[in-house]
1. With θ taken as phi - 60° and the coefficients 6.51, -1.76 and 1.60, list the Karplus ³J(HN,Hα) couplings across the range 84-100 in order, rounded to whole Hz; mark glycine and proline as x.
2. Non-local amide H neighbours of residue 317 (under 5 Å, H modeled in plane, Pro and chain starts lacking H): which ones?
3. On the protein heavy atoms, probe 1.4 angstrom, tell me the percent of accessible surface of the range 182-238 carried by carbon and sulfur.
4. Enumerate the lysines that residue 245 could reach by cross-link, defined here as Cα to Cα under 21 Å, with residues fewer than 8 away along the same chain left out.
5. Under 12 Å from a label point 7 Å along Cα→Cβ of residue 210: give me every residue in the range 253-280 with its amide N that close.
6. Tell me, what is the FRET efficiency for residue 251 and residue 171 to the nearest 0.05, using R0 = 41 angstrom and their Cβ-Cβ distance as r?
7. Collect residues whose amide H, placed 1.01 Å from N in the peptide plane, falls under 5 Å from the amide H of residue 603; neighbours closer than 5 in sequence don't count.
8. Whose amide H sits under 5 Å from the amide H of residue 251, counting only residues 5 or more places off or on another chain, with H placed in the peptide plane?
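The values are calculated or read from the model by the stated rules, or taken from the named source; none is laboratory data. Keep in mind the model is a prediction, meaning the values are calculated, not measured. Here the Cβ positions follow ideal geometry from the backbone for every residue, glycine too, while neighbour counts run over all protein chains shown. The protein model used for the area step is the full one, side chains on, heavy atoms only, and it has no ligands, DNA or RNA in it. Shrake-Rupley method; radii C 1.70, N 1.55, O 1.52, S 1.80 Å.
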Amino acid sequence: MLKIRIFSFLCVMALSSISAYAEGVFKDTFSKIDAIQSPVQTALPEMVQTTVDMSEISSGFKIYTPPILSEKNIIRPIFAEDGMVVTGSDIATKVGVDVLKKGGNAIDAAVATAFSMAVTMPRAGNLGGGGFMLVYDAKTKTTRAIDYREVAPKMATSDMYLNEDGTVNEKLIRHSFLSTGVPGTVKGVELAYKLYATMDWDELLKPAIRLADEGFVVDDALATSLKLKKEHLSKSLAARDVFFKPGGRFYERGDVLKQKDLAQTLDHIAKNGSKAFYEGAIADKIVAAMKRHRGIITRDDLLDYKARIREPVSGYYKGYKIVSMPPPSSGGVHLIQMLKILSDYDIESWGFGSAKTMHVMAEAMRLAYADRSKYLGDPDFVQVPTRQLMSDLYANRLSKGISLGSATPSELIEPGKFMPSESPQTTHFTIVDKWGNVVTNTYTLNFSYGSGHMVEGTGILLNNEMDDFAARVGAQNAYGLIGGENNVIKPGKRPLSSMTPTLVFDKNDTFYLGLGSPGGSRIITTVLQTIVNVIDHKMNLAEAIMAPRMHHQWWPDELRIEKGFSPDTLDILRAKGHDIAVNSPIGAVMAVKKVDGGYTGFADTRRGSSLALGVMRASKNTINSFDPLMFEFMQEIKKDFEEGASASPTFTNQSPTLEMSPKTAP
């Protein structure tokens, strides 16, 4: 029976190969096969790779079968063995994958990806902004948090954005050169490079330089965003000249956008590292622009900027270890706080989208965001009670205060009363390499295209991150978040953030999931729900990301939801006292998950141009097949082996760990 099945299998394999070749899609079996997320994937779920050693019975071939497919699921992530890149820019994703193919590790790919996104996704990818990065070193099994958040200039004051009547001047804090914090992106990416990278710095910047100099094809997402932001960008002559054609005409889908000044800026950084940005000719142009337009960033501000290595925050949820960004990001602290509150409830049995599940999640969100308004800030300036906020005791006390029958009005919640004594246009990417190293990174300009101002002669868009400070205690920022005393403006201080790059490790302390999202104040709850969907609701990665989302941030006192929840469920929630508002899409998760034999990845389709792309293992004795019928034959052969055939299957899912030696940037 076994020989018959093997013979039948090989026949089917040959026929399938001929058919594929005839369609022009057959790939040489001796080449590397990439896995790519299709824009129209709709049928298949989490997958497992099986590699069976057939050396004794099939002339030395190893037959690769596609990951196990479940007919119960309606959407799937992609699968790859040797790495995965997931970003909000399809072009940048391909840049990252090319680096992995050349033998670079996840950090090499992250450097190339970050600089490329500054070109291809100018509304969020950046040189003139900042962010947060987590790096997991598979060799040492350690995680570092790199904080390259912007800082307030030395001349900044706590009342610099207030009108005479004490109200906040929104034009100054959001749309002027005064709204810009000292940028951190170039220093932050360089720090990660020095700690972990293996390839040459200038080689990693070549793709970004080429994309800026030679241009890239404009897609629908970029064309649409430029049209929506024409007024925002047109106040800057430099930005107008880059992002609009002569006469103010729009770039349309299919046009080629070139950014010559940005190409020169990137070339300087490639040759001289971060010194070019913070000390050299680029710094001179930034300071000159500030003087011309009444900004306050000086050469000393640029010279003194430092990216910082911080200890990640961590906690446990139902046996899984959650590792995330510490303050000045509020993301990690409140993600873990909410997960610990939810651990007291059986939301797995309640099910996704049930009234019970949505109610307790909304209440946990409400409580965490209330604490955010009072306790979080830059730990270099204020004492943040991180351990207390994430403690089991505090979470248990908060949980006991939740009524299953009714919503708690936000006005009745005092931040931390039980305690013992940002922009939707952020962007995120997650990268994993074949050695198991992981980078999960969120960075931003704050608003879409930041302040809208560009430094003349550089192609650099400036952030408006000063709006993330509390311009006045108790006032709301652009995302409705209320600022507290801990987040007031001080020179050299970093504004509070919601960015939440996160890693999850399984019960064996093995990497399990890496993710993050844009979305301003909604970032933390977006990451929360994706983790809960995977762990509690047993969704595959694509399902977990594409499920409808909700959000509550204490104030305004409303439960924001995406379309897709049951009207009957929403009626129950209203009866409990929730004020429900249908929201625009919430977040855009970019995630990678470890599975048997490799990784699955998925790029959230809520935002255009996102792409997940994987790298398949190259082997001269590997046949890559995606035919479900062939897969069935493989399962039958495997079954016969297990029932006592002379040979036995060998499952290969191990990769060597790369020695990641420190590098020196120019």
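1. Each residue's phi maps through the Karplus curve to give 8, 10, 10, 9, x, 10, 4, 5, 5, 4, 5, 4, x, 5, 4, 5, 4 Hz.
2. Placed amide hydrogens put 322 under 5 Å from residue 317.
3. Reported share for carbon and sulfur atoms: 51 percent.
4. Straight-distance partners of residue 245: 227, 229, 230, 235, 258, 260.
5. Within reach of a label on residue 210: no residues.
6. 0.90
7. Result for residue 603 returns 612.
8. Amide H neighbours of residue 251, under 5 Å, 5+ apart: 245.
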